[in-house]
Amino acid sequence: GTMVQEGWNGRLLRNGQSIPISCCHGVLSVPLDGVTFPLSTGTTTPKFITLPYCKIEALSFALDISGSMNGATMDIWKPVADQLVDEMVKRRVSIDRYYLFTYVNTINPAQTTQDPQDFRNT
């Protein structure tokens, strides 16, 4: 495959739902207001499946800490991020490293760990 240009926008079809996506600093991003949760297959109870064969080199979160964001939205994205980490751990997904970055105009590393609990508690 090829990399897309910074600012690229498109759509991803997932379980019959068209989700807006974009490239932001090399990361495929999905705006939370563009998605209806849960992303389900039509059942009310998702089937629990372990994924020990799934290997991820790095799980990264980039947090906008600019004045316009000022932490007020943390109660929106933090539970979603925590749930993502919890679900991957519960399903035994192998994640080598967890990265947390903050940015305003430049990206600054805030946390690098191999422990999902340390990552959640940051």
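The values are calculated or read from the model by the stated rules, or taken from the named source; none is laboratory data. Computed from a predicted model, the values in this text were never measured in an experiment. Using ideal geometry, Cβ is built from the backbone for each residue, glycine included, and neighbour counts are taken over all protein chains shown. Keep in mind that these areas ignore ligands, DNA and RNA; they rest on the heavy atoms of the full protein, side chains included. Shrake-Rupley method; radii C 1.70, N 1.55, O 1.52, S 1.80 Å.
Some notes on this structure:
- Unmet criterion (only one of (1) assigned to a loop (DSSP other than H, G, I, E, B); (2) in contact with a Ser or Thr (Cβ under 9 Å, 6 or more places away or on another chain); (3) over 21 Å from V30 (Cα atoms)) for N105: (3)
- Within the stretch 81-96, the residues that satisfy the criterion of being more than 12 Å from R120 (Cα to Cα) and either in contact with a helix residue (DSSP H, G or I) (Cβ under 7 Å, 6 or more places away or on another chain) or surrounded by 14 or more Cβ atoms within 10 Å (Cβ to Cβ) (or both) are M88, V93, I95.
- The stretch 101-121, residues that are within 14 Å of A58 (Cα to Cα) and either out of contact with any Phe, Trp or Tyr (no Cβ under 9 Å at 6 or more places or on another chain) or open to solvent by 80 Å² or more (accessible area, probe 1.4 Å) (or both): P109, Q114
- Qualifying residues in the stretch 63-122 (those that are more than 15 Å from the chain's Cα centre (by Cα) and basic (K, R)) - the one farthest from Y53 (Cα to Cα): K90
- Residue match in the stretch 43-53 (condition: surrounded by 13 or more Cβ atoms within 10 Å (Cβ to Cβ), at pLDDT 80 or above and within 27 Å of T113 (Cβ to Cβ)): yes
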